Amino acid sequence: MNGRPRLKKKFGVAEIVLIFSILILVVVVAVPVIMIFLTAFFKDGHFNLAGVIQVLKQKDTYMALKNSLIIALGVTFFSTIIGVFFAWLLARTDIPGKKALNAMFMVPFMLPSFICAMAWKVLLSPRSGYINKLLMGMFGLSHAPIDIMSMGGIIAIETMYLFPFVFLQVSGALERMDPTLEESARISGASLGTITRKITLPLVMPSIVAGALLVCLYSLAHFGVPSILGTEKGIYNIPTKIYERIYASGGSYEAIRVGTILATILVICATLILKAQNLILKNGRFQIIAGKSMRPVVMKLRGLRWPLFFVCVLYLLITVVMPTVTIFLIGGLKTYGLSFAPRNMTWANYLEIFQLKMTRNAIWNSVYLSTSTAFVTMLAGMMISYVIVKMKVKGKFILEFLGVLPYSLPGTVIALGCILTWSGRFGINLYNTAGIIFVAYIARYMAFSIKSNSAALEQVSDSLEEASRSCGATHWQTLMNIVVPLIRPGMINAFFLIFLPALRELTTSVLLYGPTTRTIGVAIYALNEDGETVRAAALAGIALIIIFFGETVIKGALAKFDKTSRS
Amino acid sequence: MADIIFKNVSKSFEGKQVLKDLSFSIRSGECFTILGPSGCGKTVVLRLIAGFEIPDSGQIIIGDEVVADPDKGLCKAPEERLLGVVFQDYAVWPHKTVRQNVTYPLEMQNVPKEQRRERSQRAIDMVNLSGYEDRLPNQLSGGQQQRVALARALVANSDILLLDEPLTNLDANLREEMRFEIKEIQKKTNSTILYVTHDQEVALAISDRIAIMTPTGDFCQISDAETVYEHPVNLFGFRFLGVANCLRCTQKNDKTCLAEDGTPFVQLDEEYAFLAASPTFIAGFRPMDVQLSRTGDGFDAVVERCTLLGNIVDYRIRIGKTSFRVQAQTEDAIQNDIIFTAGESCKAIFDEMHWFEDDHTFEEVLV
């Protein structure tokens, strides 16, 4: 309302900030994407479809595409089953310890999947995996019973850490679902089993599909797990293939061009997935959110109560506790390969992390890059959401489009776009500097920020701002005095939605890092690749501590601060 | 001086014309109400004055100053107009206490610090919120929040107060109380008030003048409350100002009869003789303006329904094939022995009858 083009226009701070944030979106998001498409489809100024087809016909790129799809589908399938099962178990049965279990099921969300993949490789690699060796010793087997470094292994590990997407969506829907829908079925004489099949399941179907598609989107473009478990065995998906091509050729233009073609495929898949999700969410949000949160019908598990509880605990032990403990134990080993006996353990590795220049730099880089990115993206996202939600300006749809575009852009794609855009072509060369990682992070996480800020802004009714204007406050004063204080929770949320993933980012950084700009993720990855498993694990352990600290302590403290400053 | 003058103001949203060539003026110091059904554009008028919207064409003048004239590329920003505005949803800032809310306009207008506290306290006292200064809005009831909004609009001593349905979200008792308070405050501050509402009771109670706005965005009548109520210029205004019976009539051999079945009805006033020329016209009357009796003069009628609603009795009466509503004070009804049972016959005398052209508003359902 306030931003309607004023005839007698004064060029205030608000307008400058507005134009600045639009510029950010265009420069940081739009240009890299356009560069990718241009590079993929044009060669020496000519449209070059033959070149595209030629790349896709090569066996290794074709295989990478196939692997990406198989992994994505497999992960989606298993994540959906596991996610729905646990969501139902925790929301709709009388399983003991619900609250604690609910919190615990969020932990896989916090764990960086590539760190866990490292742990699993240590435990289950066919040659030297600890568990494999243990099993071989126990049963006198001649070869390893479990090979984690396979397609199946990649799917299993990704599933372990991606299923919370489904779990969250479904348990949210189950909790919000109008219990009268089930109660009326019950009164009509349906058994609880029938209700679950015929009423509950169809009603939460949209949430299930929405979660499943998120998993699919994420897995399709996932770099960490396939690179740690697959590369050694020649299993590539699209992101690892792009990395391999560029890495092997030392960053040649031709390799980047092949990368952009593969990236284009990723973008197309991602766009299709998001389209499907929008369709389903639009059609599917029927009456289920009608009721207020009331106590839903709870299924009595009777004899299965404790066994199912132990299934949950066992699942968490295997997927959360075991890899985490493994990482810390490996990090404390004197030499990789020794057994976990006290005499083989040392604190030296952990201390070394802070002494070695490379690891120290990596921690520092990650911390300041994710802090600054989160801060800048939070502010820019707030400005952009403000334009999208509150202003009635022409051409706003461009912002809306650009704002959600990064959602469908896998990290690999953003990295490639940034290489193409920021390597001097437009007069700015950020290659091999922290700057290029910074702009890439902004592009990657802008959608998070816009989403969180928009949601908060939509809660602020226009009249609150108009009231301030009519009291004599300028547009800018209104923004600072009224809007920002009211959406502060949304902004803080945006900050953490960016800060925490950025802290452990790997997919994008691995294509962008320079000799002095390794991030934590890159450093762990590089150490692991170089066979320095112990150091990699020690650094990973420290990363886990930092992430855990950020997730719980800082976030909790801020939430508390926000509450007290309000009342 | 704070006259507000609209000269040929037009405004459309997304191709839909809301106001077309609207001209009127609000006199300094009066309480001017725009009364109209929802969606007719009355809030747009208020928002144009406040500066939240820019007219497509025409001029808006406040006091001696043209504040909006798109032809000259002129439109003063809302913050430069310094008006007090009260919104329908209160728009009390939830993160500020009552005092902070009320002091805000003074801060923005750079009133010296020493004066702020005193002036905000005066405004808070005026709306009877003393003692609640340090509460947050979520610790207040709806009516109290409403009063915070009012105090905030009053504190800067604006000459003009714009009130957009400020009482709609309050319960009936509070609404009654608040409308007198607003009137009181106007007397104290002597400011010009523009009040926008669809509630005819509030409009009639507080206005010096009322503008009736039709769904097409025109003012069909601007007059004082009594005139608007007693002498509506058209059927729309008549129906909008209270429960109304509207019967379609026709003139047959100089006799007025009901159009539906030709039953004779009240004779058309000579003043309105011109209506006889059209095939049909409308007889309008309020339910209270019909006297019922068991015997005596009047039209033969049948009681279809008789309901005691507390202080009034509500009837449904039929003459010929046409039914209409009648109301009587319960006390009078008991005294005159006109508590009927359904199906009884009675006599009906029509005290006051309005005559209107049969226009399209007859079929429209009013909100």
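Observations on the model:
- In summary, strands (runs of 3 or more DSSP E) completely within segment B:123-242 and bearing 2 or more residues that are more than 30 Å from B:ASP358 (Cα to Cα) occur at B:160-164, B:192-197.
- Selection of helices (runs of 4 or more DSSP H) fully inside segment A:14-110 by the criterion of at least 2 residues being surrounded by 14 or more Cβ atoms within 10 Å (Cβ to Cβ) and within 25 Å of the chain's Cα centre (by Cα) returns A:31-41, A:59-92, A:98-104, A:107-110.
- Among the residues listed as A:GLY472, A:GLY490, the single one being buried (at least 23 other Cβ atoms within 10 Å of the Cβ), more than 10 Å from chain B (Cβ to nearest Cβ) and in contact with a helix residue (DSSP H, G or I) (Cβ under 6 Å, 6 or more places away or on another chain): A:GLY490
- A:VAL460, sole failed condition from (1) within 23 Å of B:LEU162 (Cα to Cα); (2) of a type in the set (A, V, I, L, M); (3) free of Cβ contacts under 8 Å to residues at least 24 places away in the same chain: (3)
- Failed condition for A:GLY424, given (1) among the small types (Gly, Ala, Ser); (2) at positive phi; (3) at pLDDT 90 or above: (3)
Each row is one residue, and each column tells you yes or no for (1) within 14 Å of A:ILE542 (Cβ to Cβ); (2) in contact (Cβ under 8 Å) with a residue 40 or more places away in the chain.
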| site | (1), (2) |
| --- | --- |
| A:LEU308 | no, yes |
| A:LEU317 | no, no |
| A:THR324 | yes, yes |
| A:ILE330 | yes, yes |
| A:ARG343 | no, no |
| A:ILE353 | yes, yes |
| A:LYS357 | no, no |
| A:SER370 | no, yes |
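- Search result, residues across segment B:158-174 that are surrounded by fewer than 22 Cβ atoms within 10 Å (Cβ to Cβ) and away from chain A (no Cβ under 12 Å): B:ASP159, B:THR168, B:ASN169, B:LEU170, B:ASP171, B:ALA172, B:ASN173, B:LEU174
- Check on A:GLY83, of a type in the set (Gly, Ala, Ser) and either at positive phi or not assigned by TED's automatic domain parsing to the domain that holds A:SER171 (or both): no
- Some residue of segment A:381-389 being assigned to a loop (DSSP other than H, G, I, E, B) and within 27 Å of A:ILE34 (Cα to Cα): no
- Picking from residues in segment A:529-553 that are surrounded by 11 or more Cβ atoms within 10 Å (Cβ to Cβ) and out of contact with any helix residue (DSSP H, G or I) (no Cβ under 8 Å at 6 or more places or on another chain), the one that is modelled with the highest pLDDT is A:ILE545.
- Single condition B:THR97 does not satisfy, out of (1) modelled with pLDDT under 90; (2) more than 9 Å from chain A (Cβ to nearest Cβ): (1)
- Leading residue by the ranking (nearest to A:ALA536 (Cα to Cα)) among those in segment A:111-138 that are in a helix (DSSP H, G or I) and among the basic types (Lys, Arg): A:LYS121
- Top-ranked residue in segment B:73-89 [being touching a Gly at 6+ places or on another chain (Cβ under 9 Å) and more than 7 Å from chain A (Cβ to nearest Cβ); ranked as surrounded by the most Cβ atoms within 10 Å (Cβ to Cβ)]: B:ARG81
- If you check B:ILE61, B:ILE54 for being over 25 Å from B:GLU184 (Cβ atoms), without any contact (Cβ under 8 Å) to a residue 60 or more places away in the chain and more than 10 Å from chain A (Cβ to nearest Cβ), only one passes: B:ILE61.
The values are calculated or read from the model by the stated rules, or taken from the named source; none is laboratory data. Quantities reported herein were computed from a predicted structural model and do not represent experimental measurements. With ideal geometry, Cβ positions are generated from the backbone for all residues, glycine too; neighbour counts draw on all protein chains shown.
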